[in-house]
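For reference, the structure is listed below as structure tokens.
Quick note: the coordinates plus some simple rules give every number you see, no bench work behind them. Being a predicted model, the structure only gives us computed values, none of them experimental. Don't worry about glycine lacking a Cβ; one is built from the backbone with ideal geometry, like all the others, and counts go over all protein chains shown.
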Amino acid sequence: MSSLDKVNISINQFGKKQLYSVDHGRGVIHLLQALCNVQSMHLAIQKTDKLFPTRLESMLVFQNFVELEYESVGRGTWLMEFLHCVPNQKKLMLASYVGGFRTLPNEVPLCLLFHLEEIKISSFCGDIQMFGMVGYFLNHASVLEKLIVIIFVQSEKQRVNILEELLSLPKNSKECQVLTL
């Protein structure tokens with residue numbers, strides 16, 4: 001698996017009960033460790049509140065990693081933890097509702113400070129937690145060139161309000177363009 005360039009991983013909970021255990025979390029970690037040379041990953045995580053036994057960055061480092069498409073419901077905090085494992089990442093795509101941050105992270109991932117050039121967010125509905133996450137990205141991403149946001153709302157008025165608020169967020173990168181679809 002160390003020769004793969006691109007992978008697609010889906011981690012799901014089946015049934016009503018929480019099926020994850022410490023052993024399951026270790027199994028996922030071992031799978032991710034085997035993919036240490038991958039450059040691009042689509043990672044879908046569904047309803048996995050306590051998947052990993054410890055912080056990820058102490059166990060994983062993807063030096064060659066440049067692109068992540070992340071799909072999850074309500075796992076913004078885990079996304080930030082994963083970004084600490086990919087110091088050279090250039091492109092981040094949030095493919096469905098990630099849920100933003102309940103509290104802003106204290107430590108800024110290296111990829112955000114030095115390498116991240118493009119962020120694309122699908123299904124942006126304009127909730128306060130998502131604005132907090134976007135604001136965090138814009139405030140810390142020093143080389144960001146593009147923030148692409150697909151706004152998902154019912155009315156044109158809501159769309160205009162979201163766009164105005166997005167454009168008013170402070171940006172660390174002078175080159176950053178905010179584009180909406």
message: On a full-extension model of 0.36 nm per residue, what is the gain between Cys125 and Asn172, subtracting their alpha-carbon distance, rounded to one decimal in nm?
response: 14.6 nm
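Could you pull out the pairs from Lys120/Lys174; Lys6/Lys90; Lys6/Lys174 whose alpha carbons sit more than 26 Å apart here?
Details: Lys120/Lys174 18 Å; Lys6/Lys90 15 Å; Lys6/Lys174 31 Å.
Exceeds cut-off: Lys6/Lys174.
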query: Tell me, in nm to one decimal, what length is gained between Thr180 and Phe152 on full extension, where the rule is 0.36 nm per residue of separation less the Cα-Cα distance?
result: 9.0 nm
field: Burial ranking of peptide ranges 164-174, 26-36, 128-138, 104-114 (average Cβ count within 10 Å, highest at the top)
entry: 128-138, 104-114, 26-36, 164-174
- request: At 7 Å along the Cα-to-beta-carbon direction for both Val160 and Phe114, put a label point, then send me their distance in nm to one decimal.
  value: 4.4
